[in-house]
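Written out below as structure tokens is the structure these notes cover.
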Amino acid sequence: MTKSSPEIFALRREIEQDLKRLMKTPSDFEFLAGVIWERLHENISPTTLKRLWGYIDGADTTRRSTLCLLSRFLGYADWEQYLQKLADQTDVESNLFASDGIRAEDLHAGEQIEVTWQPNRRCVFRYEGGVKFVVVENHNSKLREGDSFDAACFLVGQPMYLDNLVRGTGNPISYVAGSRSGLTSVKIL
């Protein structure tokens, strides 16, 4: 199972909720390894946890034994029981919606779009073709001019999800903007 699968994302989120702590720093992963030892009397390397959370680069797939250990940490018998719990969930996490916005497939290479979100964030992106964009202007956001990324659409009132965000020669990461209230405006320049 790849570390970016929705099931592993759900597992990581549930562990963070259980701990009431986000896994963001090396000490967070050492803390989690210690709590796992206290609960289960089983060792797991903080480095393994860092790889699973994407904090450091490593194997793209996670061992079943690691997933079983983390599932047991949450009170499940094993990874398969955790997956069954996800499959049996009745609360809906998907919904259809209508929103104004721009889809990559409706743009022509070289066109620029402007997006804004709270508080006072504004960026201009140049469409490169496919789902590729480059940041050409940045005002008050964590994005930088020259960053490149993939995005299929930009929708008013919805968060902006950027995938394969590359800064210089760094490794690709994912980025979300407007996670609370979504984008406030989207337009072609």
task = Pull up the cross-link candidates among the lysines for LYS24, meaning alpha carbon to alpha carbon under 18 Å and not fewer than 8 places away within one chain.
result = LYS3, LYS50, LYS142
ask   = Pulled fully out, how much extra length does the chain show between GLN81 and ASN164, if you take 0.36 nm times their separation in residues and subtract their Cα-Cα distance?
value = 26.7 nm
ask   = For the chain, what is the mean residue ellipticity at 222 nm derived from helices alone (per DSSP H run of n ≥ 4: -39500 (n - 2.57); sum divided by total residues; nearest 500 deg cm²/dmol)?
value = -9000 deg cm²/dmol
note = Zone reached by a paramagnetic label modelled 7 Å from GLU30 Cα along Cα→Cβ, restricted to segment 48-89 with backbone N below 20 Å, covers 48-57
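Only the coordinates and a few stated rules stand behind these numbers; no lab work does. As the structure is a computational prediction, the values presented were derived from the model and not from experiment. Cβ sites come from the backbone with ideal geometry, for glycine too, and all protein chains shown count toward neighbours.
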